[in-house]
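Note sheet for the following structure.
The values are calculated or read from the model by the stated rules, or taken from the named source; none is laboratory data. Note that the structure is predicted; figures quoted are calculated from it, not measured. Here the Cβ is made from the backbone with ideal geometry for all residues, glycine too, and neighbour counts use every protein chain on show.
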Amino acid sequence: MITNLLVANRGEIALRIVSTCREWGVGTVAVYSDPDEGAPHVAAADAAVHLPGAAPSDTYLRVDAVVSAALAAGADAVHPGYGFLSENAEFARAVLDAGLVWVGPAPECIALMGSKIESKRVVAAAGVPVLDELDPENLTGDEFPVLVKASAGGGGRGMRVVRRRAEIAEALAAARAEAASAFGDAAVFCERYLERGRHIEVQVLADTHGTVWAVGERECSIQRRHQKVVEEAPSGVDETLRQRLFDAARAVCRAVGYVGAGTVEFLVTDGGGDGDGEDGEFFFLEMNTRLQVEHPVTECVTGLDLVAWQLRIAEGSPLHGEPPRPRGHAIEARLYAEDPRAGWRPCGGTLHRFEVGNVRAEFTVPDRHGIRLDSGVADGTVVSTHYDPMLAKVIAWGPDRTSAARMLAGALTSARVHGPVTNRDLLVAVLRHPDFLAGDTHTDFLTRHARDLLATGPDEDAVRLSALAAALADAEYNRSRARALAALPPAWRNVSSAPQAKTYRHGGDEHTVRYTATRSGLAPVDDPGVTVAAVTPEHVVLCRDGVRRTFRVARYPGQVVVDSPLGSVSLTPAPRFAGHHAELADGSLVAPMPGTVSRLAVSVGDAVRAGQPLLWLEAMKMEHQIAAPADGVVTALAVTEGVQVEQDTVLAVVTQAETGGTGEAEATGEAGESGQRQSGDGTGARTAKESA
């Protein structure tokens with residue numbers, strides 16, 4: 001019997017496991033790195049062991065350190081969660097060799113299924129369809145596009161889509177480097193890339209007595225950079241195809257002697273469940289020998305606690321009868337600290353406030369239809385560049401798919417998420433998109449609808465009113481802190497005077513709002529149709545055309561966030577007086593985020609073409625390519641491999657080749673297409689173009 005469990009992970013999955021253990025009466029031990037000392041999962045566990053360092057390679061990926069922590073804390077079992085060491089056979093062996101219970105499949109099974117190359121051979125021998133492996137050195141023109149994939153690991157790392165022969169060498173090099181960094185294994189392979197496939201996965205449970213359950217399937221086709229963003233259960237495949245997928249998943253488990261919770265992933269072609277009753281083809285992708293990030297949607301529709309079943313199976317308990325049938329529909333949205341408009345660039349910093357309303361349950365199945373929240377952050381959490389930028393998983397469980405989508409979109413819209421940029425607006429746009437609601441979901445969904453999805457968010461009117469609310473709330477805040485004449489209304493003058501003005505920045509625009517103090521209170525100058533019904537430092541009620549709306553205002557160093565029914569707007573107060581800014585040389589490329597320089601591809605003096613890779617930054621478990629903004633010559637290289645840089649650190653300088661035009665015009669022209677920006681001081685310095 002397991003009595004004290006070490007959770008070899010961090011963040012929301014660590015809290016998820018602790019939640020079940022607490023209900024089961026099992027003690028818990030957390031591990032934590034230097035940046036995670038004050039993290040919620042550390043406080044939630046009964047005991048915690050420090051892993052000195054910050055980088056995953058020094059902490060959560062240290063097999064010896066994690067096993068030593070389990071022994072030091074008196075744990076008798078280890079749960080790996082997902083990511084980090086969860087699919088590391090060496091770690092599983094080390095846990096068992098230490099006399100501890102391993103909550104997962106046998107090390108031999110992890111090793112076999114951890115190699116996508118070997119696992120496909122075994123699965124094919126069991127009669128399950130697979131995509132043929134292609135030789136990257138001898139590809140023919142009709143075999144493109146192809147997908148270069150890391151043999152080990154997952155999560156979209158070490159994957160590249162290649163559409164032309166000229167791109168294959170660079171794609172192989174980049175995939176190998178990213179795979180080696182993320183998984184310690186540089187092996188990659190190629191297979192045919194299906195543009196319009198659907199990502200369907202089957203949740204399995206297998207006990208030590210030979211019983212294998214197919215516990216429903218999940219639709220995971222809404223992806224960016226080959227990483228899932230929105231998942232749901234059940235999927236929209238027809239019943240015939242569903243049973244074929246279940247049979248294939250059980251066959252995979254039996255072929256490798258699988259024990260525990262796992263997921264068998266398939267790529268399904270068109271015709272598999274668009275309401276036409278036709279079965280599509282499907283191909284085995286991989287098997288994840290662990291709990292999946294998206295497991296809550298399966299828990300909601302089945303009522304099962306998958307973590308509890310992992311513990312039961314590890315203790316030798318059998319599965320009885322048949323798995324439960326799905327009840328209703330569940331959809332999960334992954335809330336990331338990232339900027340979709342900047343190529344999904346991960347964003348770090350302090351999460352000042354995190355609040356999701358109408359949450360019915362956390363880390364467990366709600367007692368009735370509603371919102372479930374699985375989150376590893378809290379107010380004040382620092383989003384570190386060392387780890388994945390996911391903040392939370394917000395899950396809606398409803399009687400049907402439309403109800404669940406509506407409920408989830410509403411919960412995300414009303415959430416208060418202050419600090420780093422997030423993908424919240426994009427998630428809401430996906431959930432309300434007509435094609436999503438119609439079930440037309442494929443792995444190219446975000447690419448196909450990028451223009452519509454990235455254009456969402458608060459409109460100009462919402463930003464303008466939010467800036468007005470911020471200015472009025474700030475005036476009331478200043479008055480409330482005044483030591484003299486505090487009873488006077490804000491901005492009050494004994495004689496008439498010029499209006500008060502405040503300027504805020506939102507995106508690349510500035511918004512100046514003006515207001516005056518009257519006998520009845522503050523009044524906007526440039527918005528004659530707007531009246532002020534109430535003002536406090538935290539709340540402003542504005543009335544326009546007979547409609548009253550409340551704007552909630554929160555101020556932080558360098559940031560004001562205004563939440564209202566019109567949306568959440570993040571504003572940057574402009575300084576009252578222009579300051580001095582250090583000038584950068586023309587053509588300077590600055591880091592788009594904090595990270596570590598993982599590779600260099602050029603030297604000083606090299607001639608480069610626009611779009612040519614110069615170097616790569618590793619941040620938040622992904623490798624980001626920094627490319628030349630224009631044709632030119634590398635005249636400075638300010639970094640070396642392995643060095644850590646902060647955001648806006650100068651990385652390199654590319655002096656542009658003569659083109660007959662002005663440098664400023666060229667920089668401005670490129671900004672809309674490449675995600676570059678000209679610096680505010682007008683020097684022509686640019687945020688480096690990056691992709692992943």
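A few comments on the model shown:
- Comparison of LEU468, LEU488 shows that the only residue that is over 41 Å from the mean Cα position of the chain (by Cα) and either at pLDDT 65 or above or over 14 Å from ARG552 (Cα atoms) (or both) is LEU488.
- Inter-residue pairs, beta-carbon under 7 Å, first hydroxyl-bearing (Ser, Thr, Tyr) and in the range 112-135, second assigned to a helix (DSSP H, G or I), 6+ apart: SER119/LEU112; SER119/MET113
- ASP425 being within 16 Å of VAL569 (Cβ to Cβ) and in the same structural domain as ALA396 (by TED's automatic domain parsing): yes
- Among the residues of the range 136-158, the ones that are assigned to a strand (DSSP E or B) and either closer than 19 Å to GLY197 by Cα or in contact (Cβ under 8 Å) with a residue 40 or more places away in the chain (or both) come to 4 in all.
- Which numbered condition ARG401 misses (of (1) at pLDDT 95 or above; (2) under 21 Å from the mean Cα position of the chain (by Cα); (3) under 27 Å from THR456 (Cβ atoms)): (2)
- Search result, residues across the range 194-206 that are under 27 Å from ASN138 (Cα atoms) and either among the basic types (Lys, Arg) or crowded, with 21+ Cβ neighbours inside 10 Å (or both): ARG196, GLY197
- Filter result (in contact (Cβ under 8 Å) with a residue 24 or more places away in the chain and either farther than 10 Å from VAL230 by Cβ or in contact with a strand residue (DSSP E or B) (Cβ under 7 Å, 6 or more places away or on another chain) (or both)) within the range 432-446: ARG432, LEU437, GLY439, ASP440, THR441, HIS442, THR443, ASP444, PHE445, LEU446
- Any chance LEU306 is surrounded by fewer than 21 Cβ atoms within 10 Å (Cβ to Cβ) and closer than 16 Å to TYR258 by Cβ: yes
- Within the range 541-559, the residues that satisfy the criterion of being under 24 Å from ALA411 (Cβ atoms) and either buried (at least 23 other Cβ atoms within 10 Å of the Cβ) or among the acidic types (Asp, Glu) (or both) are PHE551, VAL553.
- Residue among GLY280, GLY271 that alone is on the phi < 0 side of the Ramachandran plot and at pLDDT below 95: GLY280
- The residues listed here are ARG164, ARG176, ARG157, ARG198; of these, the one that is under 18 Å from THR447 (Cβ atoms) and at pLDDT below 95 is ARG164.
Residues checked against (1) out of contact with any helix residue (DSSP H, G or I) (no Cβ under 8 Å at 6 or more places or on another chain); (2) in contact (Cβ under 8 Å) with a residue 24 or more places away in the chain; (3) assigned by TED's automatic domain parsing to the domain that holds HIS41; (4) not in a helix (DSSP H, G or I):
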| site | (1), (2), (3), (4) |
| --- | --- |
| ILE371 | no, yes, no, yes |
| ASP379 | yes, yes, no, yes |
| LYS393 | no, yes, no, yes |
| ALA411 | yes, yes, no, no |
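- Looking only at the range 89-107, residues that are in contact (Cβ under 8 Å) with a residue 24 or more places away in the chain and surrounded by fewer than 18 Cβ atoms within 10 Å (Cβ to Cβ) come to 2 in all.
- Exclusive hit being touching a Pro at 6+ places or on another chain (Cβ under 8 Å) and of a type in the set (Lys, Arg), set ARG514, ARG548: ARG514
- ALA30 passes every criterion in (1) part of a loop (DSSP other than H, G, I, E, B); (2) under 18 Å from GLY376 (Cα atoms) apart from (1).
- The residues of the range 177-195 that are farther than 30 Å from ASP58 by Cα, out of contact with any Lys or Arg (no Cβ under 9 Å at 6 or more places or on another chain) and not in a strand (DSSP E or B), listed by number, are LEU194, GLU195.
- Of all residues making up the range 352-369, the number that are touching a residue at least 60 places away in the same chain (Cβ under 8 Å) and either of a type in the set (Lys, Arg) or in a strand (DSSP E or B) (or both): 4
- So LEU589, is it buried (at least 18 other Cβ atoms within 10 Å of the Cβ) and part of a loop (DSSP other than H, G, I, E, B): no
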